[in-house]
Amino acid sequence: MSIHIITDSAADLTEENKRRLYAVVPLSVSFGEEVFADGVTLSKDKFYERLEKSKELPRTSQPSPEAFEKVFRKLQEKGDSAVVITISSGLSGTYQSACLAAQKYPNVRVVDSQSVSIGTGVLAEYACSCAEKGMELDELVRHLTEKREEIGLIAMVDTLKYLRKGGRISGAAAVAGEVLNIKPVITIKDGKVAILGKARGSRKANNFLIEQIRRNGVNYSMPILLGFTGQSDELLQNYVRDSSCLWQGHVDHLDSVKLCSVIGTHAGPGAVAVAYFCK
């Protein structure tokens, strides 16, 4: 009996690691009355094209239990097992949908990543390695539940426009922040978004990210993944140059991906993120 890893589309992994997954269950993304299956009928590139043109924020919605059950039925027919790793239950109802669907399938377990995007992605990448090494189902679930507590996810937001559109900050605060070139630095704490601090300008924000990561300590033997929002990775490449002191001598290269629509909707283009396991 094989053990497979399943995620939802709010998990970001490299294309190589996506191929190690059994399935990705898509959230839905709506622009006005148009509804798309995230990553299926709307790619990340098309999402960001539309986001930058849209006057209103898109909406993201959790998959239905039926969407998960469709995947679980095929798994059961093969006689295999799976661990489903979802976006944080504090950010989406996706975890609840997966749990409802899994009630009929004793060969399926669901783990709340308590993270999102590349944070969920590094946990899924690690889960694939554990499953490939032959870790048993319940042992794998216990192990992932422990390791998720070690995940660090930190991001710098380049523009306050989308936080204002989403009602996260007031219009006055957004205008003042743009004038002062304020870059909020955010993280995921207890499964929810939290602001770590604010910096004036991208260079200072990059330095803030570097200091926070250095303070936490990085377990370089575990997966590390960088990410960016929007159509250009220019700000990400600036961060990679600024943060070279963190990585040189520890990793041969740094993988990066374009971040999912859940993050893109609220952060807007130009965000830079780092996911890693703390020491």
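Values in this text are rule-based calculations from the coordinates and carry no lab data. These numbers come from a predicted model, not from an experiment. In this analysis, Cβ positions are derived from the backbone assuming ideal geometry, glycine residues included, and neighbour counts consider all displayed protein chains.
Karplus couplings for segment 257-267 from phi (6.51 cos²θ - 1.76 cosθ + 1.60, θ = phi - 60°), rounded to Hz, Gly and Pro as x?
9, 7, 7, 5, 5, 4, 6, x, 4, 9, 8
List the equivalent ellipsoid semi-axes of the chain in whole Å, largest first, each obtained as the square root of 5λ for an eigenvalue λ of the Cα gyration tensor. Walk me through the numbers before you get to the answer.
Working: eigenvalues 191, 106, 44 Å².
With the √(5λ) rule applied to the chain, the semi-axes are 31, 23, 15 Å.
Any chance you could check the Cα centroid distance between segment 33-56 and segment 228-279 for me, in angstrom?
Cα centroid to Cα centroid, the span is 21 Å.
Taking 0.36 nm per residue of separation and subtracting the Cα-Cα distance, what length does fully extending Ser30 through Arg73 add?
That works out to 12.7 nm of additional length.
Lys/Arg Cβ at +1, Asp/Glu Cβ at -1, dipole of segment 45-139 taken about the Cα centre: which of Leu57, Leu100, Val122 is farthest positive-ward?
Leu57
How about segment 1-110: which GluC sites (Glu not before Pro) there are in a DSSP loop, with at most 10 other Cβ atoms within 10 Å of their Cβ?
Working: sites: Glu15, Glu16, Glu33, Glu34, Glu49, Glu52, Glu56, Glu66, Glu69, Glu77; in loops: Glu33, Glu56.
Of the GluC sites (Glu not before Pro), the ones in loops of segment 1-110 whose Cβ has at most 10 other Cβ atoms within 10 Å are Glu33, Glu56.
Cα extents of segment 14-86 along the three principal axes, largest first, in whole Å?
That works out to 48, 28, 18 Å along the principal axes.
Would you work out the relative contact order for the chain, in percent, from Cα pairs under 8 angstrom that are 6 or more residues apart?
On the way: 548 pairs, mean separation 62.6, N = 279.
Computed value for the chain: 22 percent relative contact order.
Provide the packing ranking of 226-237, 267-278, 206-217, i.e. peptides ordered by the mean count of other C-beta atoms within 10 Å per residue, highest first.
Numbers: 226-237: 20.4, 267-278: 24.2, 206-217: 16.2.
Highest-to-lowest ranking by the protection proxy: 267-278, 226-237, 206-217.
Can you give me the distance in nm between label points at Leu196 and Asp80, each placed 7 Å from the Cα along the Cα-to-Cβ direction?
It works out to 3.6 nm between the two label points.
Jot down the radius of gyration and Dmax of segment 23-134, Cα atoms only, both in angstrom.
Rg, Dmax (Cα atoms, Å): 15.3, 49.
Round to the nearest 10 and give me the degree value, 0 to 90, for the angle of helix 137-147's Cα axis relative to the longest principal axis of the chain.
Here the helix axis deviates by roughly 20 degrees.
Any of Lys133/Lys258; Lys198/Lys279; Lys44/Lys198; Lys55/Lys104; Lys46/Lys78; Lys78/Lys189 with alpha carbons more than 32 Å apart? Name them for me.
On the way: Lys133/Lys258 29 Å; Lys198/Lys279 25 Å; Lys44/Lys198 27 Å; Lys55/Lys104 43 Å; Lys46/Lys78 35 Å; Lys78/Lys189 38 Å.
Over 32 Å apart, Cα to Cα: Lys55/Lys104; Lys46/Lys78; Lys78/Lys189.
Based on DSSP, what percent of beta bridges with both residues in the chain are antiparallel, to the nearest 5? Each step should come with its number before you reach the end.
Values: 29 of 47 bridges.
DSSP beta bridges in the chain are roughly 60 percent antiparallel.
Between Cys278 and Lys133, what is the spin-label point distance in nm, taking each point 7 Å from the Cα along the Cα→C-beta axis?
Going by the 7 Å Cα→Cβ label model, 2.3 nm.
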